[in-house]
1. Report the extension gain between Ile45 and Arg371 in nm, rounded to one decimal, defined as 0.36 nm multiplied by the number of residues separating them, less their alpha carbon distance.
2. State the percentage of accessible surface on the chain attributable to carbon and sulfur atoms; use a 1.4 Å probe and exclude ligands, DNA and RNA.
3. Which chymotrypsin sites (Phe, Trp or Tyr not before Pro) from region 350-418 combine a DSSP loop assignment with at most 11 other Cβ atoms within 10 Å?
4. Which order do the peptides 70-76, 358-364, 283-289 take when ranked by the mean count of other beta-carbon atoms within 10 Å per residue, highest first?
5. Relative to the Cα centre, what is the charge dipole magnitude of the chain, using +1 at the beta carbon of each Lys and Arg, -1 at the beta carbon of each Asp and Glu, and rounding to the nearest 20 debye?
6. Sticking with the crude label model, points 7 Å out along Cα→Cβ, report the distance from Glu284 to Ala119 in nm, one decimal please.
7. Using R₀ = 41 Å, calculate the FRET efficiency as 1/(1 + (r/R₀)^6) where r is the Cβ-Cβ separation of Glu58 and Glu29; round to 0.05.
8. What FRET efficiency comes out for the pair Glu205/Glu266, r = Cβ-Cβ distance, R0 = 22 Å, nearest 0.05?
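The values are calculated or read from the model by the stated rules, or taken from the named source; none is laboratory data. Here the structure is a predicted model, which means the values were calculated and not measured. Cβ placement follows ideal geometry from the backbone for every residue including glycine, while neighbour counts extend to all protein chains displayed. Side chains included, ligands, DNA and RNA excluded: accessible areas come from the protein's heavy atoms. Shrake-Rupley method; radii C 1.70, N 1.55, O 1.52, S 1.80 Å.
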Amino acid sequence: MKRNLYVKNIGKIATPQGRKAIHGKAMGELRVIMGPAAIVIREGIIAYVGPDAEVPRELLEGCQVYDAQGGAVVPGFVDSHTHLVFGGFREEEFQMRLRGASYMSIMQAGGGIASTTKATREATADTLAAAAEVHLRAMLSMGVTTADAKSGYGMDLETELRQLEVIQYLQQTQPIALHATFMGAHDTPPEFKGRPSDYIEYLVETVLPEVKRRGLAECCDIFTEEGVFDHDHTRRLLQAAREMGFTLKMHADEIVPFGGSELAAELGCLSADHLLQISDKGIEALAQSNTVATLLPCTAFSLKAAYAPARKMIDNGCAVAVASDLNPGSCFSASIPLMYDLACIYMGMTAEETLTALTLNGAAAIGRADRIGSIEVGKEGDLVVLGYPCYKFLSYHIGMNIVRSTIKGGAVYTNHID
């Protein structure tokens with residue numbers, strides 16, 4: 001809902017600025033307005049940001065008043081990589097990984113994505129939607145106002161369409177804005193076992209055109225990885241997707257250095273995601289492109305893997321985003337507090353860089369930086385009100401949700417954390 005809202009008595013406003021991704025060390029340069037500060041939202045759009053004493057009185061007509069009680073305000077968080085619509089769980093596989101089994105060995109033995117595919121194919125739309133709503137409520141409580149939502153656990157026409165239709169339904173029935181991404185190329189399904197090229201042709205000739213005809217997705221993604229889909233497969237799918245009007249994304253360089261980052265930059269993808277094994281050439285390619293490097297620290301944490309080299313990437317000029325990778329296998333979490341702490345403590349990012357990565361650069365990773373991701377006049381009224389006076393508490397109060405209220409388009413959703 002688009003609302004008129006006057007947010008007063010703000011202790012500090014902290015936000016990146018701009019309408020595109022921020023590269024390199026400039027990610028640490030925030031606009032900070034000391035309190036008492038205010039933000040006015042008219043018809044869901046930010047109309048004023050600045051000192052509380054200087055708010056134009058005419059802007060306040062018809063506004064609901066929200067008292068921030070001295071808390072800091074930052075932009076709404078953008079979770080630019082999730083797989084939130086899925087059937088079943090994989091708790092036993094998690095225990096196997098704790099005992100030493102690798103993600104790829106489980107996948108090659110018929111577990112992993114294949115296990116979730118079976119459960120998702122068997123699930124009804126209502127079951128999928130109800131499960132996803134649980135995650136979305138938790139995400140809203142942690143300040144997420146926009147999220148990417150991928151298909152990819154069907155890998156056949158019927159189930160891929162069902163997943164995307166559930167995403168479309170959720171977009172219409174809950175507050176978080178969803179960016180729908182078609183990811184039929186998540187793996188090769190059993191009926192195409194050993195024939196990845198044939199499966200890519202099936203997606204290009206049968207599934208993608210129907211997704212486009214029904215208007216169910218904005219973007220197309222693929223898991224480019226050794227033993228999954230190679231560069232030729234990736235080019236075939238993503239070039240066809242671009243010709244149909246989709247924007248592009250890639251899962252890249254997660255398990256081994258595979259040149260996915262370079263390919264993502266070459267193809268003009270919105271983002272290259274994971275990047276635990278990115279090469280120096282890959283870092284250089286992303287730094288010189290408009291492709292956002294989306295890092296998923298909760299997945300590395302869950303897999304006990306080395307983290308993506310965020311510090312090196314930022315120092316060499318990449319635009320870095322941070323997202324959750326919520327999924328039932330490698331990362332059953334959408335925790336903003338956890339990913340914020342991991343980014344700062346283990347990936348070498350500053351509190352300021354992490355804030356930019358979770359807001360404006362996350363927005364750029366889904367092609368929405370012109371509309372969301374920063375607190376600026378003319379952008380959508382998506383805000384997070386914290387229970388502490390400074391944004392730095394997001395990393396300092398370790399593992400705790402300090403969001404007092406999430407504001408989406410001027411509508412207020414309040415937690416009771418005090």
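1. Stretched fully, the Ile45-Arg371 segment lengthens by 116.4 nm.
2. So the carbon and sulfur contribution to the accessible surface is 52 percent.
3. Taking region 350-418 and a limit of 11 other Cβ atoms within 10 Å, no loop chymotrypsin sites (Phe, Trp or Tyr not before Pro) are found.
4. 358-364, 70-76, 283-289
5. Taking the Cα centre of the chain as origin, the dipole is about 820 debye.
6. 4.4
7. E(calc), rounded to 0.05, equals 0.80.
8. Computed FRET efficiency for Glu205 and Glu266: 0.35.
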